[in-house]
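The values are calculated or read from the model by the stated rules, or taken from the named source; none is laboratory data. These figures come from a predicted structure and were not determined experimentally. Reconstructed Cβ throughout: ideal geometry from the backbone, glycine too, with neighbour counts over all protein chains shown.
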Amino acid sequence: MADNICHNMKRIDLSTDQTEWMEALGLRIKAARLKRNLTQNDVADRAGIGRLAYIALEKGHAGSSLATLIRVIGVFGYNDPLKDILLVDPIGEDLLEFHGRKRAWRDNGLADF
């Protein structure tokens with residue numbers, strides 16, 4: 001279950017399924033890099049991140065940041081890769097319909113998304 005992280009990255013424990021998903025994502029990132037004939041240094045430089053941060057992402061380490069992922073995917077030409085995540089949330093909608101809203105709405109003039 002534990003995913004060992006590079007020495008300067010925060011240790012995050014994931015379930016076996018989550019670890020496998022991260023490793024699969026890392027393999028897809030590596031495949032995208034190789035299809036473009038880029039080195040790990042090339043991608044890291046173009047993404048404006050350190051080589052070790054890139055390697056950790058490619059290996060599927062849980063401590064890799066969302067910002068690192070977004071920057072790397074941008075190098076591959078996908079400039080808005082996460083725009084549709086949770087755009088539609090049928091599970092959340094079903095739960096809201098079944099249980100109703102539990103938290104009070106904030107009355108600070110800001111939208112509650």
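Brief remarks follow.
- Selected residue (only one of Leu66, Leu34, Leu96 is within 27 Å of Asp13 (Cβ to Cβ), surrounded by fewer than 18 Cβ atoms within 10 Å (Cβ to Cβ) and either more than 13 Å from the chain's Cα centre (by Cα) or of a type outside the set (S, T, N, Q) (or both)): Leu66
- Matching entry among Ile55, Ile49, Ile85 (being part of a loop (DSSP other than H, G, I, E, B) and modelled with pLDDT of 95 or more): Ile49
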